[in-house]
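A.B. asks: Pasting in a structure now, in structure tokens, and then I'll have a few things to ask.
Quick note: the coordinates plus some simple rules give every number you see, no bench work behind them. Nothing here was measured: the structure is a model prediction, and the numbers come from that model. Glycine gets a Cβ as well: all are built from the backbone with ideal geometry, and neighbour counts include every protein chain shown.
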Amino acid sequence: MPPGIKFCYTCDTDEPHRPLTENEEVWLKDRTGQKNVDGYFMCEAPSCRNVRTGFDKRPFDPVIRVPLPD
Ligand SMILES: [Zn+2]
């Protein structure tokens, strides 16, 4: 599988994912209370933006989606 292509739990298909931006990491730390959010990826499918890690397709229940930038 090409790098960046991972299974997305909410799309239920393999989709391109990218690491979070700095702003998104700040947002996710605030959202989850975790101090370290390295290793999280966001699904790039249109209007999905679901967050997963490299190993866990569903780290959050309910799922967390990165908000669109303003
Ligand atoms: Zn997705």
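A.B. asks: How many nm separate the modelled label positions at Asp12 and Phe55, each set 7 Å beyond the Cα in the direction of the Cβ?
C.D. replies: 2.8 nm
A.B. asks: Let me ask you something else. Would you order Val51, Val26, Val66 from fewest to most other beta-carbon atoms within 10 Å of each residue's own beta-carbon?
C.D. replies: Exposure proxy ranking, most exposed first: Val26, Val66, Val51.
A.B. asks: While we're on this one: For a test of the definition: using alpha carbon positions, the gyration tensor, and the 1.5 limit on a/c, classify region 5-46 as rounded, prolate or oblate.
C.D. replies: Judged from the Cα gyration tensor, region 5-46 comes out prolate (a/c at least 1.5, a/b above b/c).
A.B. asks: Tilt of helix 22-32 relative to the longest C-alpha principal axis of the chain, in degrees (0 to 90, nearest 10)?
C.D. replies: 80 degrees
A.B. asks: On to the next question. Quick one: which residues, 5 or more positions from Lys6 or on another chain, have an amide H under 5 Å from its amide H? H modelled 1.01 Å from N in the peptide plane, none for Pro or chain starts.
C.D. replies: Close amide H contacts, sequence-distant or interchain: Glu15, His17.
A.B. asks: Then there's this: What is the sum of charges, Lys and Arg at +1 and Asp and Glu at -1, for the other residues whose Cβ falls under 12 Å from the Cβ of Glu25?
C.D. replies: That sum, taken over residues with Cβ under 12 Å, equals -1.
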